[in-house]
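The values are calculated or read from the model by the stated rules, or taken from the named source; none is laboratory data. Remember, predicted model here, so these are calculated numbers, not experimental data. Cβ placement follows ideal geometry from the backbone for every residue including glycine, while neighbour counts extend to all protein chains displayed. To get the accessible areas, we keep the full protein, side chains included, count just its heavy atoms, and leave off ligands, DNA and RNA. Shrake-Rupley method; radii C 1.70, N 1.55, O 1.52, S 1.80 Å.
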Amino acid sequence: NTNYVIIAKTSSDLSSAETMGIFANGEVVPNFSYSLSGTPCENVVGKGFCSVPFDVQALYPLDVMLTDMKAESYLGIPLWDQNRKPIGLIAVIDCKPIANAEQISSLLKLAANAVSSELVRQREDKALRESEEKFRTLFEQASDGIFITDHYGNYLDVNQSGCTMLGYSQE
């Protein structure tokens with residue numbers, strides 16, 4: 001029974017956030033990026049839980065998005081990686097005052113652990129894919145023959161230069 005739930009990851013300099021999931025008035029809406037400056041999210045990222053149970057627009061008058069949302073209340077919790085570096089936030093925004101902030105904060109804390117783990121997993125998967133792409137490019141374009149074998153000496157992979165050296169094709 002809340003108007004908005006936002007899950008966002010932050011930029012490396014913590015100046016902006018990119019949403020990864022937004023629930024708005026009963027439906028999932030497209031993601032977007034936004035500046036954290038002057039927003040309640042700025043007080044969450046890398047800091048701690050932020051609770052504004054009423055009159056959030058008055059406390060953050062420069063946050064146009066709160067005005068557009070007709071926001072009255074805000075609860076946010078930071079997301080951290082395994083090294084306690086800030087990586088994002090979860091925010092609940094409502095058009096009415098939040099009466100059960102304690103209950104919602106307990107739910108946000110539970111969700112934050114799962115979401116943080118998923119963001120870290122996605123970041124690690126992306127880094128692994130990029131590393132594999134770099135290796136594959138170097139392997140395939142190397143002018144030297146490269147032979148990859150298992151511990152029994154069986155060939156697992158040979159680049160084009162290695163095949164040419166031995167007079168074979170890669171097929």
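A few notes on this one:
- Filter result for ILE90 (under 16 Å from LYS109 (Cα atoms), open to solvent by 10 Å² or more (accessible area, probe 1.4 Å), touching a strand residue (DSSP E or B) at 6+ places or on another chain (Cβ under 6 Å) and among the aliphatic types (A, V, I, L, M)): no
- Among residues of segment 3-19 being outside any strand (DSSP E or B) and open to solvent by less than 40 Å² (accessible area, probe 1.4 Å), the one that is nearest to GLN103 (Cα to Cα) is ASN3.
- Single condition ALA71 does not satisfy, out of (1) open to solvent by less than 60 Å² (accessible area, probe 1.4 Å); (2) not in a loop (DSSP other than H, G, I, E, B): (2)
- When restricted to residues that are surrounded by 14 or more Cβ atoms within 10 Å (Cβ to Cβ) and at pLDDT 95 or above, segment 151-162 contains 0.
- When residues of segment 74-87 are limited to those that are without any contact (Cβ under 8 Å) to a residue 40 or more places away in the chain and in a strand (DSSP E or B), the one surrounded by the most Cβ atoms within 10 Å (Cβ to Cβ): TYR74
- Segment 88-125, subset within 15 Å of SER73 (Cβ to Cβ), small (Gly, Ala, Ser) and within 23 Å of the chain's Cα centre (by Cα), residue modelled with the highest pLDDT: ALA91
- Of the set (1) touching a residue at least 24 places away in the same chain (Cβ under 8 Å); (2) in a helix (DSSP H, G or I), all apply to LEU110 but (1).
- Residue match in segment 133-145 (condition: of a type in the set (Asp, Glu), within 30 Å of THR2 (Cβ to Cβ) and without any contact (Cβ under 8 Å) to a residue 24 or more places away in the chain): no
- The set of residues from segment 20-35 being of a type in the set (A, V, I, L, M), within 16 Å of MET69 (Cα to Cα) and either in a strand (DSSP E or B) or open to solvent by less than 40 Å² (accessible area, probe 1.4 Å) (or both) comprises ILE22, ALA24, VAL28.
- Residue tally, condition assigned to a loop (DSSP other than H, G, I, E, B) and without any contact (Cβ under 8 Å) to a residue 24 or more places away in the chain, over segment 38-54: 0
- Positions within segment 99-150 being open to solvent by 100 Å² or more (accessible area, probe 1.4 Å), closer than 20 Å to ARG84 by Cα and of a type in the set (A, V, I, L, M), in sequence order: LEU110
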